[in-house]
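Right, one structure below, let's go through it.
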Amino acid sequence: MVKNHPQMMNNPHVTSPVGGFDVWRVRQEFPILKETVYGKPLVYLDSAATSQKPQRVMDAMSHFFLRENANVHRGVHYLSERATEAYENARVKVARFLNAKHANEIIFVRGTTEAVNLVAATFGKAQVGPGDEVLITAMEHHSNIVPWQMLCQEKGAHLRVTPINDAGELILSEMERLIGPKTKLVAVTHISNVLGTINPIQEIVKMAHAKGAPVFVDGAQAAPHLPIDVQALDCDFYAISGHKMYGPTGIGTLYGKREWLDAMPPYQGGGDMILSVSFEKTVYNKPPNKFEAGTPNMAGAVGMAAAIDFVMDVEHHSLVTHEHDVLAYGMAALSTFPGLRLIGTASAKSGVISFVLDDIHPHDIGTILDREGIAIRTGHHCAQPLMNRFGLPATARASLACYNTRHDIDALMAGLAKVREVFR
Ligand code: PMP
């Protein structure tokens, strides 16, 4: 047990046990972490649902509204040019963050959910026909299931599912077997939001490409935790959400290889996605504008760029090492708790700890922890088929971000002891 639990926030001398990463300094950037809940210091263990935001993200967005706000791509006036520059610089920043070849491979969307729907509505519309197949996995979030299911229903195609083992790892031999000549797309999550499993995307892409199938990657949970290189992964599409990676809600991006973006029909019709319009014919704009109809979320893009700066500043590498330390500490601690069963024990795992405790309903666990100031998530986590795979209606889930510490795990353990007392 780590000593001096209450309030890392108030103790500048307490740092992470992992050398180099100054978690104290990092926590200072997140004003909300100073909140108290029912008189107790907030212990935020729900970052997989949404992460907290550093001050600089709020500052960047208010600076945009205070000093630069105008509509983009339209006006010749000074402010419109400033706003366009801010918005397009954000695109360049995302491209660098993902190591895309070019910024025009980055499309701004509302988040990962919209990115999946965009690909289903455009790529899917053009490429998937009757009898074709879309291959997903048993650990997908509903947002990487339902749009493909809707597409398959509409097209008379079939949704296939790669199974997982009891540790929550993909069975790659099964995946290989399931990819066939009719597979038009493999859609897979980089990191599971329930199990924390990190999937071997590079290997999956090689396997799929060898059989001619492109790969869509749901990176919602990976972007805040892993350095991402879409060229090294060689994936065809990669989706991320700003709010999961210290940025604002309502903004995210879809990366698509230029060849696909050129070949795909547009998503929505409207302003900005056109080169010319007459009542007889519309000539569409080039990517990325072709996929961005209407006034975009400019301040959101600026906020997302500031969040990327934050992640780069705290150094992705040391952040990963720190989070892994807290994860390993948490897994070791929770595995000793009587009656607790960990769900998701993959060897390659990121900062998500799902569990059940005897037959206590996860909602009861969450409610009792909440009274202790501890925020966790309970329920099916938008992954009902995965819950079915483990024969569970729900789990409790503690999820980590760069600002969490071993002290948060100690607080969770103390909270679980309270749960145990109530249900004794
Ligand atoms: N995929 C995964 C793995 C997720 O965890 C989430 C969010 N919980 C999503 C997709 C959907 O992301 P968003 O709600 O930001 O669109």
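Out of the trypsin sites (Lys or Arg not before Pro) in region 232-333, which ones are loop residues according to DSSP with at most 16 other C-beta atoms within 10 Å?
When the trypsin sites (Lys or Arg not before Pro) of region 232-333 are filtered for loop state and at most 16 Cβ neighbours within 10 Å, 281 remain.
Roughly what would the spin-label model give for residue 418 and residue 313, points 7 Å off Cα along C-beta, in nm?
3.4 nm
Gaussian network model of the chain, Cα springs within a sub-10 Å range: biggest mean-square fluctuation belongs to which of 248, 130, 287?
In this elastic network of the chain, the residue with the biggest mean-square fluctuation among 248, 130, 287 is 130.
Convert each backbone phi in region 282-299 into a coupling constant with the Karplus relation 6.51 cos²θ - 1.76 cosθ + 1.60 (shift: θ = phi - 60°), then list the ³J(HN,Hα) values in order as whole Hz, x for Gly and Pro.
So the J values, rounded to whole Hz, are 10, 9, 7, 6, 7, x, x, 4, 3, 9, 10, 6, x, 5, x, 7, 5, 5.
When the convex hull of the Cα atoms of region 129-237 is projected onto a plane and the area is averaged over all directions, what value comes out in nm²?
Averaged projected hull area, Cα only: 6.4 nm².
Just want to confirm a number: the relative contact order over region 57-312, from Cα pairs under 8 angstrom separated by 6+ residues, in percent.
About 24 percent, as a whole number.
Residue 87: net charge of surrounding residues, Cβ under 13 Å, Lys/Arg +1, Asp/Glu -1, itself excluded?
Once all neighbours under 13 Å are counted, the net charge is -2.
Charges on Cβ only, +1 for Lys and Arg, -1 for Asp and Glu, centred on the Cα centroid of the chain; of 289, 76, 312, which one is farthest towards the dipole's positive end?
76
Tell me, Kirkwood radius of the chain from alpha-carbon pair distances, in Å?
22.5 Å
Give 125/257; 244/349; 93/125; 101/184; 93/286; 125/244 a once-over and call out the pairs whose C-alpha atoms are over 27 Å from each other.
93/125; 125/244
Give me the net charge for the shell around residue 258: Cβ to Cβ below 11 angstrom, other residues only, Lys and Arg +1, Asp and Glu -1.
-1
Among 314, 26, 283, which one moves the most in a GNM of the chain with springs linking Cα atoms closer than 10 Å?
283
Looking at region 281-424 from every direction and averaging, what is the projected area of its Cα convex hull in nm²?
Directional mean of the projected Cα hull area for region 281-424 stands at 13.0 nm².
Calculated from DSSP H runs of 4 or more alone, at -39500 (n - 2.57) each and per residue, what is the 222 nm mean residue ellipticity of the chain, nearest 500?
Helix-only estimate at 222 nm: -11500 deg cm²/dmol.
Using θ = phi - 60° and the Karplus form 6.51 cos²θ - 1.76 cosθ + 1.60, what ³J(HN,Hα) does each residue of region 230-237 get, whole Hz, x for Gly and Pro?
With coefficients 6.51, -1.76 and 1.60, one gets 5, 6, 5, 5, 6, 6, 8, 9 Hz.
Taking the Cα centre of each part, how many Å lie between region 126-188 and region 350-424?
Distance between centres, Cα-based: 30 Å.
Would you mind checking which residues have amide H under 5 Å from residue 293's amide H? H placed 1.01 Å from N; only 5 or more apart, or other chain.
268
Among residues other than residue 384 whose Cβ falls under 15 Å from its Cβ, what is the net charge (Lys/Arg +1, Asp/Glu -1)?
For residues surrounding residue 384, the net value is +2.
Can you pull the Kirkwood radius for region 203-323, inverse mean 1/r over Cα pairs, to one decimal in Å?
16.3 Å
Where the centre of each part is set by its Cα atoms, how far does region 38-75 sit from region 327-343, in angstrom?
33 Å
With an 8 Å cut-off on Cα pairs and a minimum separation of 6 or more residues, tell me the relative contact order of region 287-403 in percent.
The normalised contact order for region 287-403 reaches 22 percent.
Coordinate-derived values only; no laboratory data. Fair warning: this is a prediction, and the values are worked out from it, not measured in the lab. Please note: Cβ atoms are built from the backbone with ideal geometry, for glycine as well, and neighbour counts cover all protein chains shown.
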